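The values are calculated or read from the model by the stated rules, or taken from the named source; none is laboratory data. Here the structure is a predicted model, which means the values were calculated and not measured. Note that each Cβ is placed from the backbone with ideal geometry, even for glycine, and that neighbours are counted across all protein chains shown.
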């Protein structure tokens, strides 16, 4: 655990917003990346949903240590995602193109409609495309980069639209068959690192999730 | 020999006057201003002038806004087409501004404008949590905005605003985007199936008022060029905005004026030439009309400063009435074919033409009684036009006219002698039972009369822009309705406080579903009172030494210095954000049009006003009630008000028509005596009732404009009655004159009945029915049987 934290601090030290990882030296086309990812991406593309566990570290530039949280997630293609934080607090966040719904341990639900959250649609789309490794859709929003890494691969994304660049400098995705780590470099100098494990591909969406994500 | 001398003098004097009028017209013609806004025909909606000006300005502002959705099967095509569409419009002089890309740093600049005042700015939800002491909800929201993907939606920096108080305020101050989402710097939406297209939003503002712009060729030309540019890129465009309606309405009006005027002119010329066999007659009739119209335009321009295009459409039938005087005069030649000279008609017919002109003038003048700007203009236009046309006939024709060839005159005379005899025979033999049946039919028809006072009668039926408008509204779901609240106050602060009180009621109504949403200035700028209250609330609950912020920041691991810095920044911010500082910042952009400023201007003490626009009104009565007993707030529903105005004036117009009958009776009694006057008014009154009955039986719902048409029916049928029933005038020549005049009126108004503007259609169809009723009834009632008439009539034969 201590080693992991140390490793992260090391990465945090080298991967500043102004000094992006090495992968950004390798621009790539959709076809090149498809070859790089291999058969894994095809299986992902056919799944209706991905379910798994996450560990999140949020590095604020004002804070020496990251804000760490963990829990489980479910991303349903074209519908949205459920982000269930279990530690250090219990809260379930549902993001769909229509609304943000937050349910806390107390059971109280807070719903904010997309009409009041203009960026919601874009955020849901990006997460959807990230988890499914939908290169075609990612290419519409980002400039693509890619490189081979040990047994797996590293993808780099840079936003094309200025509106997204206001928020996000770059995204780095590392994986072997599936994405294992996603690092989001935010424009203000903050950084979010997401680690995934135990992913399972679902051929059909479970009924409870379907109800939760219903448009 | 004095008569020909007088005739000559009048001829030349009138010619000189006509020349003067034409010079005045030629001098004023380039400055002639055409108004095409339907609402300009209606009385102002507000009680006081300042408010009326403010509302007019807001309506003008709103009327300049246009929204277009450029749609294609995929986003990239739609985006490229939207760019082409926007660039074409931007190059047009008719458009002052076109936006298709959202400035990517708008939110940052808006946030920067608010940042120095954030100590007093709270989102309603956060305020409610703090007031209720619901720390748990506030902290849960703050945690979600820090730890989860929701962090990518926050509007403020995480370390700078750990509780997301400012971020939540910014989100609440942003106007709702409706179905739109931001993608690659453009606002876009995906239509639900079966459409399924992806649309990109383009906004455009006109450089000038929508209706005056529609008159220019540039707007229509550049709009169709922009549509074509989008089509070439494989996209479709749907639009919503007054300009689309105005352009279509202007095209329709131009088309109808040209069509109706052209057909009328052709038929009129052909008939007159055939009947009178004299180009001089046609030229004379044209000159009387031209003089009448030119003078009417000059006078209207002087009095009103502009001429409404609907006045022109309405008065295109003026020709149909004004030409009657020429016909009556010229038709006199068939009284004594072969022996007739132009000046001999003057003593015989001059009086009747003058009386009929006076009666028509009076009935138009009564129209001006209604305080209805549009009607006044139409009344003035027609009065001037008719008076001059009538006077021209009396002054010019005795010297100008030449009779047709004797053979042609004999033929026509013979035909109408037979027709006149036939008419007298029929009139004698009409059984009383027939009159009784007619009376029952009229009673039935009158009983079935239905009135509808709906503003839609004013709007031309333009399916194309209407369909686009409907589609855009359905897709966006956030286009403001035509009703809104007007909020006033002695200063900007009072306006904002009134708005906040109103919003408390609107929020309740919104929760109940009485309306979908609203847009109010005070959402983007809380009143200073609210800012002071929120600042006090934050000081007590959040920014204290052991307040919510300090506890949360310690929990996150912030060093004490960072906490102290946040608290110090809060303490230093003491000035509230005032309207004059806010209104010109990017933050105010979505709200700027709602601020009307000082509407009193220089008159009296200042009075400030704003507008609260409404979307998706489901319960108008509840909204109206929300403004009741609330000084400074008024619910303005132009559509309902216009319908109310139409209702009121329909009743006034009915009273005017009813009053016209006794007034005309008086006017007839003066030259012809009471008995004759009663007898003369019989047919016109019956024609009025019969017209109403026909409309009632055919199930037409009547509006104000049908009633105005009844007015014309009365005037025309009085002419027919005068010429057909007055024993001194009655004869084959008069019958010819009346049949010709009625035929031409039928053509003129029958053409108007084809108009796609409902109220012009109503006018046209009602008068067309009325002309037939007036002619048939005047003919069927026969010549008035007086001793004098028999002697005179016998002498003529």
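For this structure, a couple of remarks:
- Considering each residue of region A:34-56 in turn, none proves to be at the interface with another protein chain (Cβ under 7 Å from one of its Cβ atoms), closer than 25 Å to residue A:174 by Cα and outside any strand (DSSP E or B).
- Test: residue in region B:207-223 that is within 14 Å of another protein chain (Cβ to nearest Cβ), within 30 Å of residue B:241 (Cα to Cα), in contact (Cβ under 8 Å) with a residue 12 or more places away in the chain and not in a helix (DSSP H, G or I): no
- The listed residue being within 23 Å of residue A:53 (Cα to Cα), within 13 Å of chain B (Cβ to nearest Cβ) and either at pLDDT 85 or above or assigned to a loop (DSSP other than H, G, I, E, B) (or both), out of A:182, A:172: A:182
- Within the set B:496, B:548, B:538, B:515, the sole residue that is more than 30 Å from residue B:136 (Cα to Cα), buried (at least 19 other Cβ atoms within 10 Å of the Cβ) and over 32 Å from the mean Cα position of the chain (by Cα) turns out to be B:496.
- Yes/no for residue A:155 being touching a strand residue (DSSP E or B) at 6+ places or on another chain (Cβ under 7 Å), part of a helix (DSSP H, G or I) and closer than 25 Å to residue A:22 by Cβ: no
- Residues that are more than 9 Å from every other protein chain (Cβ to nearest Cβ) and under 26 Å from residue B:116 (Cβ atoms) within region B:132-154 comprise B:138, B:142, B:145, B:154, listed in sequence order.
- Some residue of region B:694-708 being under 30 Å from the mean Cα position of the chain (by Cα), free of Cβ contacts under 8 Å to residues at least 60 places away in the same chain and not in a helix (DSSP H, G or I): yes
So that you can scan it fast, the table gives a plain yes or no per residue for (1) in contact with a strand residue (DSSP E or B) (Cβ under 7 Å, 6 or more places away or on another chain); (2) farther than 9 Å from residue B:94 by Cα; (3) surrounded by 17 or more Cβ atoms within 10 Å (Cβ to Cβ):
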residue	(1), (2), (3)
B:221	no, yes, no
B:226	no, yes, yes
B:229	no, yes, yes
B:240	yes, yes, yes
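- If only residues of region A:95-111 that are within 10 Å of chain B (Cβ to nearest Cβ) and assigned to a strand (DSSP E or B) are counted, the one that is nearest to residue A:133 (Cα to Cα) is A:95.
- Lone unmet requirement of (1) in contact with a helix residue (DSSP H, G or I) (Cβ under 6 Å, 6 or more places away or on another chain); (2) surrounded by 15 or more Cβ atoms within 10 Å (Cβ to Cβ) for residue A:70: (1)
- Exclusive hit being modelled with pLDDT under 90, more than 9 Å from chain A (Cβ to nearest Cβ), under 43 Å from the mean Cα position of the chain (by Cα) and at negative phi, set B:86, B:110, B:91: B:110
- If the condition is being in a loop (DSSP other than H, G, I, E, B) and under 30 Å from residue B:308 (Cβ atoms), then region B:425-464 contributes B:449, B:452, B:453, B:454, B:459, B:460, B:461, B:462.
- Qualifying positions in region A:79-94 - under 10 Å from residue A:213 (Cα atoms) and within 11 Å of another protein chain (Cβ to nearest Cβ): A:80, A:81, A:82, A:94
- Unmet criterion (only one of (1) surrounded by fewer than 23 Cβ atoms within 10 Å (Cβ to Cβ); (2) within 30 Å of residue B:145 (Cβ to Cβ)) for residue B:180: (1)
- Hits in region A:61-74 (condition: within 12 Å of chain B (Cβ to nearest Cβ) and at pLDDT 90 or above): A:66, A:67, A:68, A:69, A:70, A:71, A:73
- The residues on offer are A:114, A:140, A:122, and the sole one that is at the interface with chain B (Cβ under 10 Å from one of its Cβ atoms), under 23 Å from residue B:191 (Cβ atoms) and surrounded by fewer than 20 Cβ atoms within 10 Å (Cβ to Cβ) is A:140.
- Sole exception among (1) assigned to a helix (DSSP H, G or I); (2) surrounded by fewer than 22 Cβ atoms within 10 Å (Cβ to Cβ); (3) out of contact with any helix residue (DSSP H, G or I) (no Cβ under 6 Å at 6 or more places or on another chain) for residue B:152, by number: (3)
- Here residue B:194 passes the criteria (1) more than 8 Å from every other protein chain (Cβ to nearest Cβ); (2) assigned to a helix (DSSP H, G or I); (3) free of Cβ contacts under 8 Å to residues at least 40 places away in the same chain; (4) surrounded by fewer than 20 Cβ atoms within 10 Å (Cβ to Cβ) except the one numbered (2).
- Qualifying residue in region B:167-185 (condition: within 14 Å of chain A (Cβ to nearest Cβ), under 20 Å from residue B:69 (Cβ atoms), over 32 Å from the mean Cα position of the chain (by Cα) and free of Cβ contacts under 8 Å to residues at least 12 places away in the same chain): yes
- Some residue of region A:197-215 being under 21 Å from residue A:100 (Cβ atoms), within 13 Å of another protein chain (Cβ to nearest Cβ) and in a strand (DSSP E or B): no
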